[in-house]
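The structure appears below as structure tokens.
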Amino acid sequence: MTLTLVPLRIPSGWTTFYNVFNEVYPEDFTTNDYIHCWEFKEDILQFRHLSHHRILDLGWYPEFDCTGEYTLVLVDSTNEELDWGNPIYCLRTRDYSKLIEIIEDLLLKVSEGRL
């Protein structure tokens, strides 16, 4: 079975560093032997906005674990050493629809210089 990337509205200015955010749903991931458990990993999606010095990063924690959840963080990338422990924004959720809505909202706000 071929998986499809989640369609996202990405405003101009963003660079994709990696994107394996496929259409698989946390509500189906109820046991660790789920056929698509490998889609629930730490490195799912990372976008960078160079002119506004922001990184948006998405992962699943704990990796490959049905008890996990998505973690979405927006960090300042002005300095070479990123402060992952002090993000501008952080969301932990298993709500797939809410996650997509928040990703698109953050991408837009950063592009417009509001975040």
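The values are calculated or read from the model by the stated rules, or taken from the named source; none is laboratory data. Model, not experiment: these values are computed from the prediction. With ideal geometry, Cβ positions are generated from the backbone for all residues, glycine too; neighbour counts draw on all protein chains shown.
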**Message:** Can you list residue pairs whose Cβ atoms sit under 7 Å apart, with the first residue in segment 1-25 being within 19 Å of Leu108 (Cβ to Cβ) and the second being assigned to a loop (DSSP other than H, G, I, E, B) and of a type in the set (Ser, Thr, Tyr)? Count only pairs 6 or more apart in sequence or on different chains.
**Reply:** Gly13/Ser51
**Message:** Going through Leu45, Leu5, Leu56 one at a time, which residue ends up being surrounded by fewer than 13 Cβ atoms within 10 Å (Cβ to Cβ), within 20 Å of Asp95 (Cβ to Cβ), within 17 Å of the chain's Cα centre (by Cα) and aliphatic (A, V, I, L, M)?
**Reply:** Leu5
**Fill in**
Given the conditions (1) polar (S, T, N, Q); (2) assigned to a loop (DSSP other than H, G, I, E, B); (3) modelled with pLDDT of 95 or more, every one holds for Thr16 apart from (2)
**Asked** In this structure, is Leu3 of a type outside the set (Val, Ile, Thr), assigned to a loop (DSSP other than H, G, I, E, B) and in contact with a strand residue (DSSP E or B) (Cβ under 9 Å, 6 or more places away or on another chain)?
**Response** yes
**Message:** Looking for something at negative phi, at pLDDT 95 or above and not in a strand (DSSP E or B) - is there at least one such residue anywhere in segment 53-63?
**Reply:** yes
**Counted residues, segment 57-101 - those being out of contact with any strand residue (DSSP E or B) (no Cβ under 6 Å at 6 or more places or on another chain) and aliphatic (A, V, I, L, M)** = 1
**Answer from Leu91, Leu108, Leu3 - the residue that is of a type outside the set (D, E, K, R), touching a Leu at 6+ places or on another chain (Cβ under 6 Å) and at negative phi** = Leu91
**Complete:** Of the residues in segment 24-42, those that are surrounded by 14 or more Cβ atoms within 10 Å (Cβ to Cβ) and not hydroxyl-bearing (Ser, Thr, Tyr) come to Val24, Pro26, Phe29, His36, Cys37, Glu39, Phe40, Lys41, Glu42
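Listed here are the residues, each with its yes/no results for (1) of a type in the set (Gly, Ala, Ser); (2) over 17 Å from Arg54 (Cα atoms); (3) in contact with a helix residue (DSSP H, G or I) (Cβ under 8 Å, 6 or more places away or on another chain).
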{"position": "Thr4", "(1), (2), (3)": "no, yes, no"}
{"position": "Pro7", "(1), (2), (3)": "no, yes, no"}
{"position": "Gly13", "(1), (2), (3)": "yes, no, yes"}
{"position": "Thr16", "(1), (2), (3)": "no, no, no"}
{"position": "Asn19", "(1), (2), (3)": "no, no, no"}
{"position": "Glu23", "(1), (2), (3)": "no, yes, no"}
{"position": "Thr30", "(1), (2), (3)": "no, yes, no"}
{"position": "Trp38", "(1), (2), (3)": "no, yes, no"}
